[in-house]
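Here's the structure we're looking at; comments come further down.
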Amino acid sequence: MKDALGSVESVLVLGGGSEIALATVRALVARRTRTVVLAARRPGELESVAGELRAAGATTVETVAFDAQDDAEAHGRLVDDVFDRHGDIDLVLVAAGVLGEQSRDEHDGAAARAVVGTNFLGLVSAIVPCAERMRGQGHGTLCVLSTVAGERPRRSNFVYGSSKAGLDAFAQGLGDSLVGTGVNVVVVRPGFVRTRMTEGLDPAPFATTPEKVAEAALEGIAKGSHTVWAPPVLRYVMSVLRHVPRPVFRRLPL
Amino acid sequence: MRGNGSRPGGAIPRAAPDLGVADGEPTLLTGWGRTAPTLASLHRPADAEQVAELLAQPGARGLVARGLGRSYGDAAQNAGGRVLSLLDVRGVRGFDPKSGLIAVGAGFSIGDLARLVLPHGWFPPVLPGTSHVTVGGAIAADVHGKNHHREGSFCHHVRAFELVSPGGEQRTVTPEGTPEVFAATAGGMGLTGVVVEATLQLVAVETDRVRVDTERARNLDDVMERMERGDEDYRYSVAWIDCLARGSALGRSVLMRGDHATRAELSGGERSGAALGFSPPRVLSAPPGVPSGLLSTPALRAFNEVYFRRSPRREQGRLEALHSYFHPLDIVGDWNRLYGPRGLLQYQLVVPFGAEDALRQVVERLAGERAPAFLAVLKRFGDGRGMLSFPIPGWTLTMDLPAGRTELAPFLDGLDELVAGAGGRLYLAKDSRLRPELLEAMYPELGRWREVQAGLDPEGVLCSDLGRRLGLGGGSRR
């Protein structure tokens, strides 16, 4: 159960290899979280992380195989299995995602589809059964990692941006649909985060770290927020950028 | 005992509050602290029979009883399952004005009880900090009042209760006949069954006034010394304590002690006047939509300063109305809204006598952190009653804190460690955030309680969010 100060006892991470997800889980375990299920494409690579979380106080740490590209039936089975075996899951952290390679993806239908298939379709089919289980348990938080790039697609990474825009819109709508059920959806929109995924890219203004994003996400989960910007200033930056005329926007060095 | 339906004279209790929901309606529920809402289907059984029917078909996520929702945390919530509001189970089955024994439904409130029996020269044996608490809730939390140091907690005055168990059978539980079940249910947070009726021993009073002696204490040592020296001379004793004052004023307090005034103590006019009555006014109501942060540390410091200075240095024998001594906050309806959308929590600890150092450290840390602790009170406890009853002989400190501050989590975790290390504990009816690992250290009888609980509820039908969060037992249903 989530407590009065917003700490949770159990978490399922979809995309357990994500650096932002792991920073969040570390911070969760440092507080109260004792049950951690990391669902990732290559669960074997997470064994050392699992050990580290156990040493930090988590009593149950499990790694399971999860591929966003699998079909909806497989996603449903995975989610049911986790909820059945661990009882209530207080928090589902949706963090899976790929950046793709814009220069290739915008010319290659299959590659573009793979990005959208992972970041949007695959996560939708995993989020829906989680939301259903949480409705049934009468409480819970779904925390969905989006990005500022989903707020307005940019010339320089619109394949990734559009996939996240779809996910972001879906999560917002789901959040509205879940009002009054005891289940809350938090959409987290980080700016440029220095991780393996962005290695070699030039950091955008207001670049941040996985730890800072994790901190902001936890605050949002505790408060029951619906949207979290990391860093917070991006909320205002994006509210301006959203209204910049297209001919100007596409020339901006973003 | 008088027969069914013969409601004795005096004020007729008001109708049970209307919850505005149909039977079994999905409803978001929180405790008084308004934190961590969860969804449950809320049922309103009309009598013990309907309670038994609901217990016989508990659904996949079990059920728990709820009264007036004054537990601060999640004790009367059951996410995804059923919650039984007992507010309609409130009949008075019998009242003997000679002996002061009364049998009332579990949904009857302590305030209604006071209104009903005071004209006959009787008074509830234990009054918690609000009169808006049901008899069922008072048993489940084994509530205490300002007289605990002399007269114990609520369940010390319960002669019998009717307990409906999972499966639906009803039994009469008494301290002598069924001591284990009694001790597991007293303070058992509703997880041993649903209490539908209780027989209580009231206390005799001559007037509806309290004779209060007030004195200021300059710091924590001073107030503790005064309490140790003088508490036994008073039936009621409580100290308001300033948890923001530092240095030599650390823990400065206003000590308020008293007893029911006798007829001889009233002035002539008052003696010949009106009948005994318990009629707390409800004049104010906190507005909805108050933003967070209204009760900030600077605002509370200012309040504390004024409160301390305004209190008499020493005043003896002032006559106060019962409600103004016992329940000063009850005149403001929904005062919990003053904490804004993120709500509040109440932190109540007890440390045994001999662990005064731990208490001092708690007060030092509160003052040092400038934690916005409001309405803090200090009091001495006598013996406990149930296996999970909160009181143990020692010092109890209570304060309200706004829940909207993340830095509070590690701070309170630190206090928990200190309290547990000193052989103390937190009050489950107030808890909304305790780290589950500390529960066994705080409640050494937990193992025995779990055995009795499992015997009464082998299938884990009785579930609450509190039980799930703390891994208390019961609530094996997920």
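The values are calculated or read from the model by the stated rules, or taken from the named source; none is laboratory data. Given the structure is predicted, the values throughout are model-derived calculations rather than measurements. Virtual Cβ from ideal backbone geometry, glycine too; neighbours counted across all protein chains shown. What goes into the accessible areas is simple: the full protein's heavy atoms, side chains included, and nothing from ligands, DNA or RNA. Shrake-Rupley method; radii C 1.70, N 1.55, O 1.52, S 1.80 Å.
Per-residue ellipticity at 222 nm from helix content only, as computed over chain B with -39500 (n - 2.57) for each DSSP H run of at least four residues, stands at -7000 deg cm²/dmol. Per residue, the Cα convex hull of the range B:209-435 amounts to 142 Å³.
For the segment A:4-16, counting C-beta atoms of other chains within 10 Å of every residue's C-beta and taking the mean gives 5. Pairs of Cα atoms in the range B:119-173 fall into 5 Å distance bins, from 0 up to the last occupied one, in shares of 4, 17, 24, 21, 16, 9, 5, 2, 0 percent. At a probe radius of 1.4 angstrom, the accessible area of the range A:137-240 per residue rounds to 42 square angstrom. When you work out D = kT/(6 pi eta Rh) for the range A:10-249 at 20 °C and 1.002 mPa s, using the Kirkwood radius from C-alpha pairs as Rh and the Stokes-Einstein form, the result is 119 µm²/s. Normalising by residue count, the range B:370-478 has a Cα convex hull of 114 Å³ per residue.
Exceedance of the 27 Å cut-off in Cα-Cα distance is limited, within the set A:Lys2/B:Lys430; B:Lys146/B:Lys430; A:Lys223/B:Lys430; A:Lys223/B:Lys146; A:Lys2/B:Lys146; A:Lys164/A:Lys223, to A:Lys223/B:Lys146; A:Lys2/B:Lys146.
Pairs of Cα atoms nearer than 8 Å and 6+ residues apart set the relative contact order; for the range B:209-435 it is 24 percent.
The GluC sites (Glu not before Pro) of the range A:179-231 that DSSP puts in a loop, and whose beta carbon has at most 14 other beta carbons within 10 Å, are A:Glu199. Straightening the chain between B:Asp88 and B:Ser292 buys 70.0 nm, computed as 0.36 nm per residue apart minus the Cα-Cα spacing. Only helical runs count toward this figure. For chain A, summing -39,500 (n - 2.57) over DSSP H runs of n ≥ 4 and dividing by all residues gives -13000 deg cm²/dmol at 222 nm.
Using the Cβ-Cβ distance between A:Ser177 and A:Asp80 with R0 = 25 Å, the FRET efficiency computed as 1/(1 + (r/R0)^6) comes to roughly 0.75. Using R0 = 30 Å, the C-beta based FRET efficiency linking A:Ser156 and A:Ala65 works out to 0.35. When the inverse distances between all different Cα atoms of chain B are averaged and flipped, the Kirkwood radius reads 22.7 angstrom. The orientation-averaged projection of the convex hull spanning the C-alpha atoms of the protein assembly as shown amounts to 33.8 square nanometres. Ignoring ligands, DNA and RNA, how much accessible area is buried between chains B and A, both sides summed, with a 1.4 Å probe, to the nearest 100 Å²? Accessible area lost upon association: around 2000 Å². For a quick check, take a GNM of chain A with Cα springs below 10 Å and name the residue from A:His75, A:His243, A:His86 with the largest mean-square fluctuation. Top of the fluctuation ranking is A:His243.
Contact order, relative form, for the range A:10-249: 18 percent (alpha carbon pairs under 8 Å, 6 or more residues apart, mean separation divided by residue count). For the pair the range B:350-402 / the range B:44-68, the C-alpha centres are spaced 35 Å from each other.
Counting, for every residue in A:180-193, the Cβ atoms of other protein chains within 10 Å of its Cβ and taking the mean gives 2. For chain A, the longest principal axis of the alpha carbon atoms and the long axis of helix A:210-223 meet at an angle near 60°.
Interface burial in the range B:423-452 reaches 30 Å² or more for B:Arg433, B:Arg435, B:Glu437, comparing the full protein assembly with the chain by itself; accessible area from heavy atoms with a 1.4 Å probe. The fraction of accessible area contributed by carbon and sulfur in chain A is 55 percent, rounded to a whole number (1.4 Å probe; ligands and nucleic acids excluded).
At q = 0.15 Å⁻¹ the log10 of I(q)/I(0) for the range B:202-278 amounts to -0.63, computed by Debye summation with a single uniform scatterer per C-alpha, solvent ignored. For the range A:139-198, the Stokes-Einstein estimate of translational diffusion at 4 °C and a viscosity of 1.567 mPa s comes to 105 µm²/s, using the Kirkwood hydrodynamic radius over alpha-carbon pairs. Per residue, the average separation of C-alpha pairs within less than 8 Å and at least 6 apart gives the range A:133-254 a relative contact order of 26 percent. Calculate I(q)/I(0) for the range A:144-254 by the Debye formula, one identical point scatterer on each C-alpha and no solvent, and give its log10 at q = 0.12, 0.14, 0.22 Å⁻¹ to two decimals. At q = 0.12, 0.14, 0.22 Å⁻¹ the computed log10 ratios are -0.43, -0.58, -1.31. The residues of the range B:209-435 expose on average 39 square angstrom of accessible surface per residue, using a 1.4 Å probe on protein heavy atoms. P(r) tail, the range B:327-418: Cα-Cα pairs separated by more than 22 Å, 36% of all pairs. With only Cα atoms counted, the range B:129-285 has Rg and Dmax values of 19.8, 59 Å.
A Förster distance of 22 Å, applied to the separation of the beta-carbon atoms of A:Arg250 and A:Arg104, puts the FRET efficiency at 0.65.
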